[in-house]
Amino acid sequence: MMSHSSSSTSVSGFYNFLTRELNNLDGLFLSHNFMSIKFLQHVLSSLRSFHSQLTALVHKLHLPVGEKWLDEYMDESSRLWEACHVLKSGVSSMETYYSTGANIASLLDDHLAIDTQLSRQVSVLRIISLMTEREIIALQEDNKSMAETRMQTLCLGFDENNVLAESEFNKYNGFRGVLYTMRKASTLLLSILLSGLVYYWPEVSFSQGSFEGNSGFSPAFVISASTLNQRVMDAINCMEGQQGILLYELHQAKQAMDDLKVDIESIPEYESEVDIQDKVENLKSCFGALKFGAESIIGQLDDFFDEIVEGRKQLLDICSHR
């Protein structure tokens, strides 16, 4: 990256910051369960950091009032705002599912050992488990529809044709290159978050070579972004074409329900006491983790909305005071 302005240190520092954050996420990806709440919280934290660091950088660049850079910043912050509303809607839609699961766990909590008398209630419990199955199908379909509708309007795919010329990277004291690079990095993080929390399908979510073909990018940034992108793609490919919400805790909760259902359905066959205490406790734990994780993600998103509003206000104030 070539930059001859007095602000080159600040600009290069921002690129180094992006690279470090992506490297950190790559390490965290390897140490966490795939698409777990904890990993996605780190991804969201990095996305927020990208925005806050960009806002702080503008203060150092002394950009000219009335130029297009402010419009470009506003466009990108609006994109983040809208994308995060999609994320929040996707996470919020899980509430019915985890609430139903928690209610089932509470119902069974008083019957830690199911005997033949309780076996007469198996048909009722089967109906309850089918309810959760219908709810997760509805959840997946609703989120898929929302993601399909919003993906293109929010430019969350990697198929953008507007490759930025190297000379453009230095425009506005390097701000245009910074914004373009951050947009690419943010798109990667948003794609991860959407796949985990809203919906994933292979046709549009990720693509190879997304960060190549632009000589303005820092080589270190290209390596870091490409490595994380490939890491996620490889993990998804190992799932043999799975589509839908990839959230680890959601699949753990569904598996816990399926395991419990197997035990309940074995009662008529054996006509004897079946101890389901461990399965009930696991069910409570899984749905509790899903609920806590969803609420924590929503809290982070709400904080990010506040930060976006504050960042836009700060830059508007800077322009009005000059």
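The values are calculated or read from the model by the stated rules, or taken from the named source; none is laboratory data. Quick caveat: nothing in here was measured; it's all calculated off a predicted structure. Neighbour counts run over all protein chains shown; Cβ positions are idealised from the backbone, glycine included.
The table that follows gives values for the structure above.
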item: Within the stretch 54-89, tally of residues that are at pLDDT 90 or above and in contact with a Cys (Cβ under 7 Å, 6 or more places away or on another chain); result: 2
item: Complete set of residues in the stretch 90-111 that are modelled with pLDDT of 90 or more and either among the aliphatic types (A, V, I, L, M) or over 30 Å from residue 276 (Cβ atoms) (or both); result: 90, 91, 92, 94
item: Sole residue being in contact with a Leu (Cβ under 6 Å, 6 or more places away or on another chain), among the small types (Gly, Ala, Ser) and at pLDDT 75 or above, chosen from 253, 235; result: 253
item: Residue within the stretch 152-165 that is more than 18 Å from residue 235 (Cβ to Cβ), touching a helix residue (DSSP H, G or I) at 6+ places or on another chain (Cβ under 9 Å), among the β-branched types (Val, Ile, Thr) and modelled with pLDDT of 80 or more present; result: no
item: Qualifying residue in the stretch 306-313 (condition: more than 19 Å from residue 54 (Cα to Cα), surrounded by fewer than 20 Cβ atoms within 10 Å (Cβ to Cβ), in contact with a Ser or Thr (Cβ under 8 Å, 6 or more places away or on another chain) and in contact (Cβ under 8 Å) with a residue 24 or more places away in the chain); result: no
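Yes/no matrix, rows are residues, columns are (1) at pLDDT 95 or above; (2) crowded, with 17+ Cβ neighbours inside 10 Å; (3) in contact with a helix residue (DSSP H, G or I) (Cβ under 9 Å, 6 or more places away or on another chain):
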{"residue": "4", "(1), (2), (3)": "no, no, yes"}
{"residue": "15", "(1), (2), (3)": "no, yes, yes"}
{"residue": "36", "(1), (2), (3)": "yes, yes, yes"}
{"residue": "43", "(1), (2), (3)": "yes, yes, yes"}
{"residue": "50", "(1), (2), (3)": "yes, yes, yes"}
